[in-house]
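The values are calculated or read from the model by the stated rules, or taken from the named source; none is laboratory data. If you're wondering where the values come from, they're calculated on a predicted model, not measured in any experiment. Heads up, the Cβs are rebuilt from the backbone with ideal geometry, glycines too, and the neighbour counts pull from every protein chain shown. The accessibility values were calculated without ligands, DNA or RNA, using every heavy atom of the protein model including side chains. Shrake-Rupley method; radii C 1.70, N 1.55, O 1.52, S 1.80 Å.
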Amino acid sequence: MIGQYSGKPEGPTVIILGGVHGNEPSAINAMQQVFDVLKKNTPPFRGKFIGLIGNLEALASNMRFVDQDLNRMWTPERLEALAESPLDGFDETGETREQRELFNLFQTYFQNGRFPVYVLDFHTTSSESPPFVILADTIRNRQFGLSFKTPIILGLEELLEGTIMHFAGDRGLCTLALESGQHNDANSIRRHVAATWISLVKAGCISQANVPNYHLHQQLLAKAVIKLPKVFEVRFRYGIQNGEQFEMMPGFKNFQPIRKGNLLARNKNGNIYSHLNGYIFMPLYQTQGSDGYFIIRKVNFVWLNISKWMRKLKIEKLLPFLPGINRSKKSTAELVVNRKIARWFVIEIFHLLGYRRKRIEDNSLIVTRRKFDFYGPEKNRGE
């Protein structure tokens with residue numbers, strides 16, 4: 001626990017995590033600064049603000065993780081085991097012990113009943129980078145993410161299993177990850193401070209008037225991304241295999257434009273070239289991690305508006321009547337897509353309607369729709 005601040009009126013709960021990766025202390029320092037201001041000024045405040053450290057053991061060693069990545073462990077199998085024995089399980093690694101403690105805290109703070117719960121996971125990157133937001137594409141998450149005036153990355157959560165964002169999102173909470181810059185850049189702390197204040201204002205915990213220099217926090221983030229498109233989607237992930245000796249070529253920065261055929265990395269088998277035009281995203285310049293790099297492309301805002309209206313009109317109800325698309329027998333939220341019949345722009349169409357790729361079985365693509373899109377599970381939807 002970094003800190004907790006509560007107001008007398010009931011209201012939303014904002015949970016911010018820092019240090020889920022132990023070599024990323026920026027958000028922890030930022031939240032300590034915000035808690036200091038709140039305790040000194042005691043402004044009018046609704047609801048709760050909770051700051052948590054993710055991986056204490058890795059943080060003490062300045063390592064991304066000790067035995068396993070804490071932000072890839074929130075799988076259905078592991079969560080089922082934690083739910084069965086939340087207090088007294090057998091934990092083989094430091095990260096499983098850390099996860100158990102976080103899981104128990106989440107069970108307490110996720111139960112807000114009448115008011116929304118926001119779960120924000122703050123990170124930094126190994127390469128030089130402007131700030132950006134990663135989110136699952138629900139309308140609620142989009143609206144919250146746009147508050148930061150930074151680029152939004154769609155589609156990444158489909159490719160990364162077992163994240164805290166998955167865990168919170170599947171429970172209907174408003175959730176996102178915010179990357180503020182390079183690990184050791186002093187600007188990363190300043191941006192995390194700004195993002196914390198913006199989060200508390202957007203959630204409805206505190207008014208802009210009661211945040212010192214609020215407009216400067218907004219300007220800090222906006223100026224860092226002034227020349228970048230506002231929305232991107234992930235087109236490709238290079239996943240590192242065990243023992244392949246992956247090495248990123250030097251000099252790449254987040255959002256740097258690349259062309260098909262550009263040399264991006266090397267491994268023991270030779271050179272690795274880009275097979276797409278786009279932008280390089282999160283190139284790996286650290287010894288730990290399984291995500292070598294991503295390739296992203298920009299999304300026109302027009303498509304986001306079309307997507308919102310299609311979901312409002314519940315167009316997704318017509319999908320099972322199209323050739324090659326059937327409802328899953330396992331879950332009402334899933335659709336089974338025959339890839340031999342439904343072949344053109346399948347993923348793009350499903351993304352517009354709020355579905356995400358879940359898995360591939362034989363010749364079928366299984367997609368699932370998020371349960372909470374416009375509203376969360378809270379009873380007081382006007383908050």
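Which count do you get for residues in the range 61-76 that are open to solvent by less than 50 Å² (accessible area, probe 1.4 Å) and part of a helix (DSSP H, G or I)?
Count: 2.
Filter the range 301-321 for residues that are aromatic (Phe, Trp, Tyr) and either under 30 Å from GLY261 (Cα atoms) or open to solvent by less than 30 Å² (accessible area, probe 1.4 Å) (or both) and give the result.
PHE301, TRP303
Could you list all residues from the range 143-163 that are on the phi < 0 side of the Ramachandran plot and in contact with a Leu (Cβ under 7 Å, 6 or more places away or on another chain)?
Correct list: PHE144, GLY145, PHE148, THR150, PRO151, ILE152.
LEU313 versus (1) at pLDDT 90 or above; (2) closer than 20 Å to LEU154 by Cβ: which is the lone unmet condition?
(2)
Being farther than 30 Å from GLU247 by Cα and at pLDDT 90 or above is true for just one of ILE280, ILE306. Which residue is that?
Selected residue: ILE306, the only one of ILE280, ILE306 that is farther than 30 Å from GLU247 by Cα and at pLDDT 90 or above.
In the range 101-128, which residue that is of a type outside the set (A, V, I, L, M) and part of a strand (DSSP E or B) is most open to solvent (accessible area, probe 1.4 Å)?
TYR118
Which residue pairs have Cβ atoms under 6 Å apart, sit 6 or more places apart or on different chains, and have a first residue in the range 145-160 that is closer than 21 Å to ASP373 by Cβ and without any contact (Cβ under 8 Å) to a residue 60 or more places away in the chain and a second that is open to solvent by less than 10 Å² (accessible area, probe 1.4 Å) and among the aliphatic types (A, V, I, L, M)?
Pairs found: GLY145/VAL133; GLY145/LEU135; GLY145/ILE152; GLY145/LEU176; SER147/ILE198.
Return the residue satisfying two criteria in turn: it lies in the range 135-144 and is of a type outside the set (Ser, Thr, Tyr) and in contact (Cβ under 8 Å) with a residue 60 or more places away in the chain, and of such residues it is surrounded by the most Cβ atoms within 10 Å (Cβ to Cβ).
Per the criteria, the residue is ALA136.
Any idea which of (1) closer than 30 Å to PRO44 by Cα; (2) small (Gly, Ala, Ser); (3) touching a residue at least 24 places away in the same chain (Cβ under 8 Å) is the one ALA209 doesn't satisfy?
That leaves (3) as the condition not met.
Taking the conditions exactly as written (exposed (fewer than 13 other Cβ atoms within 10 Å of the Cβ) and small (Gly, Ala, Ser)), does ALA58 satisfy them or not?
no
Looking for something more than 22 Å from TYR109 (Cβ to Cβ), touching a residue at least 24 places away in the same chain (Cβ under 8 Å) and not polar (S, T, N, Q) - is there at least one such residue anywhere in the range 164-180?
Taking the range 164-180 first, the residues more than 22 Å from TYR109 (Cβ to Cβ) are 179-180.
From what is left, the residues that are touching a residue at least 24 places away in the same chain (Cβ under 8 Å) are 179-180.
Those left that are additionally not polar (S, T, N, Q): 179.
Yes, some residue in the range 164-180 is more than 22 Å from TYR109 (Cβ to Cβ), touching a residue at least 24 places away in the same chain (Cβ under 8 Å) and not polar (S, T, N, Q).
On the basis of being at pLDDT below 95 and at positive phi, does GLY261 make the cut?
No.
Within the range 3-55, considering only strands (runs of 3 or more DSSP E) that don't extend past its boundaries, which have at least 3 residues that are open to solvent by less than 10 Å² (accessible area, probe 1.4 Å)?
Here the list reads 13-18, 48-53.
Out of (1) open to solvent by 30 Å² or more (accessible area, probe 1.4 Å); (2) modelled with pLDDT under 95, what's the single condition that is false for MET249?
Every listed condition holds for MET249 apart from (2).
Yes/no per residue for (1) without any contact (Cβ under 8 Å) to a residue 60 or more places away in the chain; (2) open to solvent by 100 Å² or more (accessible area, probe 1.4 Å); (3) more than 21 Å from VAL133 (Cβ to Cβ):
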position	(1), (2), (3)
SER290	no, no, yes
ILE295	no, no, no
VAL299	no, no, no
PRO323	yes, no, yes
LEU335	yes, no, yes
VAL346	yes, no, yes
PHE350	yes, no, yes
SER364	yes, no, yes
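If I filter the range 110-119 for residues that are in contact with a Leu (Cβ under 8 Å, 6 or more places away or on another chain) and within 14 Å of GLY22 (Cβ to Cβ), do I get at least one hit?
No.
For the range 110-131, how many residues meet the condition of being among the aromatic types (Phe, Trp, Tyr) and either closer than 21 Å to TYR214 by Cβ or at pLDDT 95 or above (or both)?
Final tally of qualifying residues: 2.
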